[in-house]
Amino acid sequence: MSFKIQNGQIIPSAHPGQVQGKKPSGDFERLYLESIQKTKETVKLSAHAKDRMDKRDISLSEEDMKKINDAVDTLDQKGAREGLLLYKDAAFIASIRNRTIITAMKDAEIETITNIDSFMKIR
């Protein structure tokens, strides 16, 4: 590794052909890069949601998970925190900020849902 001196500071420089990772310099840039990274994360299923899905015979294919992931992305961009997602014959309560499905049920089982701030019907 080589170094260069710029404005009285020693700065490591990359060898030719070597890309050196740039660290975010400001709060805006750091938040922007974090938000980009966050959108790349996929939705997770909590242990409780997996258990509920097994008991209710709800299964999701990779394509289904992609649609749910896209819905969570949309709700996250709108500032949602906790959401109800209706997909096919199932309903999912999701923590949008944590990108986690908290629980699952058949849509016919829905009677009262509380503590959510958003709803999306996935087509």
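Before moving on, here are some points about what is shown:
- Taking the square roots of five times each eigenvalue of the Cα gyration tensor of region 78-123, the equivalent ellipsoid has semi-axes of 17, 11, 10 Å, listed largest first.
- Residues whose amide H falls under 5 Å from that of residue 46, counting only those 5 or more places apart or on a different chain, are 101, with hydrogens built in the peptide plane.
- Considering only 46, 118, 77, and ranking their Cα positions along the charge dipole of the chain that arises from unit charges at the beta-carbon of Lys, Arg, Asp and Glu, the one farthest toward the positive end is 77.
- Inter-site label distance for residue 111 and residue 35 at 7 Å from Cα along Cβ, in nm: 4.1 nm
- Computed from Cα atoms, the angle from the helix 27-40 axis to the main principal axis of the chain rounds to 50 degrees.
- Pair residue 121, residue 74: separation of 7 Å Cα→Cβ label points (nm): 1.2 nm
- Descending principal axes extents, the chain, alpha-carbon based, whole Å: 68, 26, 25
- Between the helical axis of 62-77 and the longest alpha-carbon principal axis of the chain there is an angle of about 70 degrees.
- Pairs over the 19 Å Cα-Cα cut-off, from the set 50/78; 44/67; 78/106: 50/78; 78/106.
- Other-chain or far-sequence residues with amide H under 5 Å of residue 119's (modelled H): 84
Values in this text are rule-based calculations from the coordinates and carry no lab data. Since we're looking at a predicted model, the values are computed, not measured. Glycine gets a Cβ as well: all are built from the backbone with ideal geometry, and neighbour counts include every protein chain shown.
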